[in-house]
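So the structure is just underneath, and the comments pick up after that.
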Amino acid sequence: MNIQPLFDALGIQEDAARALTDDLNAQIAELQSRLREAETHLEHLAITRKTVTALADRIPTPVGPSDLPEHPDYPRILVVFNDETGPLRAKDVCQALDHELLPKNIEGTRAKLKRLVRLGILIEADTGSFTRRR
């Protein structure tokens, strides 16, 4: 009895199984690589979320025109504070708005600045010295 044809058939099946195993191992390696990349991306997103959450209270809330009192000076006052880096006094704001430096204009501007403080848009850094909330 010649069993050589049986061994030849087994050899063919072994070669096919070995090729399939090699192919599946290559696919596993590719999937593991993609999984590591996805896990790293997920970790970065978690770090970003944590950072943004920690900084969220420091981001100023944008003030829209509907949040301001109805007077043409209020948007102009905010423009003045957007252009300046340091605190301003009512007299400085009057000058920036091209108002005459009369006591009534300075006091009116001071009242507007105090109202913006109450609305949470400005802060009074020192008495009579105002700055934009950051």
* Asked: With the contact rule set at Cα under 8 Å and sequence spacing of 6 or more, what percent relative contact order holds for region 80-134?
  -> 38 percent
* Asked: Between Ser129 and Leu24, how many nm apart are label points set 7 Å from Cα along the C-beta direction?
  -> 7.5 nm
* When ranked by the protection proxy of mean other Cβ atoms within 10 Å per residue, highest first, what sequence do the peptides 41-54, 117-130 form? -> 117-130, 41-54
* Structure fact -> Rounded to a whole number, the Stokes-Einstein D of region 16-134 in µm²/s (Kirkwood radius over Cα pairs; 37 °C; 0.692 mPa s) is 176 µm²/s
* **In nm, spacing of pseudo-spin labels at Asp15 and Ala38 (7 Å Cα→C-beta vector)** => 3.6 nm
* Membrane-span-like helices in the chain: DSSP H runs reaching 30 Å or more (Cα, own axis), mean Kyte hydropathy at least -0.5? -> 4-55
* Residues with amide H under 5 Å of Arg89's amide H, sequence separation 5 or more or different chain, H placed in the peptide plane at 1.01 Å from N; which? -> Phe130
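Each value in this text was obtained by applying a stated rule to the coordinates, not by laboratory testing. Since the structure is predicted, the reported quantities are computational estimates derived from the model, not experimental observations. We place every Cβ from the backbone using ideal geometry, glycine too, and count neighbours over all the protein chains shown.
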